[in-house]
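Asks: Below is one structure. I have some questions about it.
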């Protein structure tokens with residue numbers, strides 16, 4: 001959330017891998033898909049890097065992400081395009097029904 005009157009540079013969207021991972025994990029649990037399993041493995045490599053750099057200064061985390069994570073993300077993206085993998089973030093009826101309780 002931000003104020004329209006805020007000062008500073010342009011906003012940068014930052015996505016959370018937990019949401020994508022959860023969707024892929026759900027697919028894996030329900031189908032035992034080899035594609036979903038491979039996606040989870042690749043995402044876990046990103047998580048491992050984050051574990052390693054936790055607590056480091058922001059500039060050092062950024063440098064590691066540029067050096068190591070960016071390569072993995074590029075590879076993951078290319079693989080997902082090749083496999084025609086899509087992850088929808090549209091809420092399903094089932095997920096919406098839980099808000100009625």
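Computed from the coordinates by the stated procedures, all read-outs in this text should not be read as laboratory data. Note that the structure is predicted; figures quoted are calculated from it, not measured. Heads up, the Cβs are rebuilt from the backbone with ideal geometry, glycines too, and the neighbour counts pull from every protein chain shown.
Asks: Work out how much length residue 53 to residue 68 would gain on full extension: take 0.36 nm times their residue separation and subtract the Cα-Cα distance, in nm to one decimal.
Replies: Going from the current span to full extension adds 4.3 nm.
Asks: Same structure, new question: Rank these for me by crowding, 33, 75, 59, going from fewest to most other beta carbons within 10 Å.
Replies: 59, 75, 33
Asks: At 0.36 nm per residue, minus the direct Cα-Cα distance, what do residue 29 and residue 44 gain on full extension? Give it in nm, one decimal, please.
Replies: Difference between extended and current length: 3.8 nm.
Asks: A further question follows. So for segment 34-80, considering every pair of alpha-carbon atoms, how many percent are separated by more than 17 Å?
Replies: For segment 34-80, the fraction of Cα-Cα distances above 17 Å is 34 percent.
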